[in-house]
1. Between the range 126-164 and the range 281-298, what is the C-alpha centre distance in whole Å?
2. Which percent, nearest 5, of DSSP beta bridges in the range 135-205 are antiparallel?
3. Neighbouring Cβ atoms within 10 Å as the yardstick, rank 53, 349 fewest first.
4. Would you report the distance distribution of C-alpha pairs in the range 125-179 as whole percents per 5 angstrom bin, up to the bin with the largest distance?
5. Taking the Cβ of each residue in 13, 87 as the centre, tally the other Cβ atoms inside 10 Å and list the residues starting with the fewest.
6. Sort 227, 275 so the one with the fewest other Cβ atoms within 10 Å of its own Cβ comes first.
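What follows is calculated from the coordinates using simple rules that are stated; it is not laboratory data. No experiment lies behind these values; they were computed from the predicted model shown. Because the Cβ atoms are built from the backbone with ideal geometry, glycine has one as well, and the counts that use them run over all protein chains shown.
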Amino acid sequence: MNNAIADFFNGVSARPYKVRVEVSIEKIFLSDEENLANTTLSYPLAQCHYILSPTNIFVYLSEGFDIYIAVPTNTNLYETLYKALKSAKPLSWYNRLLQQNKIALVVLLLALVCGIYIILTEAIPLAVVTFISKKQEAALGEKLYQSVIKDATIDTALSKLSNQFVSNITLSDQYPIEVTVLKDDQVNAFELPGGHIIVYSGILPYMHSQEEFVALLSHEASHINNRHSLKSIAKSISSSLALSIILNDAGDVTKGIIENANSIYSLNYSRSLERQADGEGLKLMVKNNIDPKGMKRLMQDLLKAQKDLPTSMSFLSNHPLTKERIQNVDDFIKEHPKYIVTDHPMLVSIWDKIKVADDAEENATKK
């Protein structure tokens, strides 16, 4: 047997004692090196736990981890002891980690961070959308809606006309779409989970046809139909929702979103979600026999408006328009050359009333 002097911690005194350590195939033997007691202790290797460090191998001899020895790595016994322990008890994940070089540890840490990021930004939002039913989503949307209009002024006349407009087209077979027009100079619009579309009156003067209004509503309805706002809100606050999802408490999930209702104003959809909403919106226009070119004209008109507006007041701040998106509309029209456009006298009539009411409201405001 090989042997060496090591520090022995007996679990009673903080002061270590010098012991001579010997190792056999199955046991560790400790004999008193300070002549305090003429005894030899033995411990089965299979019951020992060990941790490696750059300077010592710590061998824990008790289940409570309070009795242990520290054998320096520069002694002849180290290799023998390590091999015997490894043979009797496989290396723990912690020891395996410590044995890796710095580059490997950095790579492992980065992989761990990336994994956590993916869980928080992708897996948890997906779980939220899975756990929340359409009924819960509608209730959530209603609470968010009340939060939005609490300090706002609703244009009752324009809201009524807009909903008459919506009743003459099909925007969703999943949610009851309801439009609310708020008196506000912002050139903006956004949707809420469950069916609410908020339109600021400031955007209406920048649209010049009923097709453009259908395009705007179709785009927002597509976000609703695909639960984009729910997914985006969940992603923005996913870390705080993690525990609620684990506990399968949809009530707490909903509460967490409501408490962060202000995030709905600052949602910035990814390019892929905007592209999806554009594509689905164009399909809705074709389904309603509305000229999809209205989507392109809407984008062009809003781009013109952008030049004279601060970003914070623009539809483009949370729905950024790019040449790529306009090109995507052109590509869609080329790929669907046989779409049918029919007359919609009712839509034309209601749109004319919306423009008249909006002009009257604008003139009244100026006075």
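1. Using only Cα atoms, the two centres lie 24 Å from each other.
2. Working: 4 of 9 bridges.
Antiparallel bridges make up about 45 percent of those DSSP assigns within the range 135-205.
3. Values: 53 11, 349 14.
Lowest count first: 53, 349.
4. 4, 15, 18, 21, 22, 12, 7, 2
5. On the way: 13 8, 87 12.
Fewest-to-most Cβ neighbours within 10 Å comes out as 13, 87.
6. Working: 227 20, 275 15.
Ascending Cβ contact count within 10 Å gives the list 275, 227.
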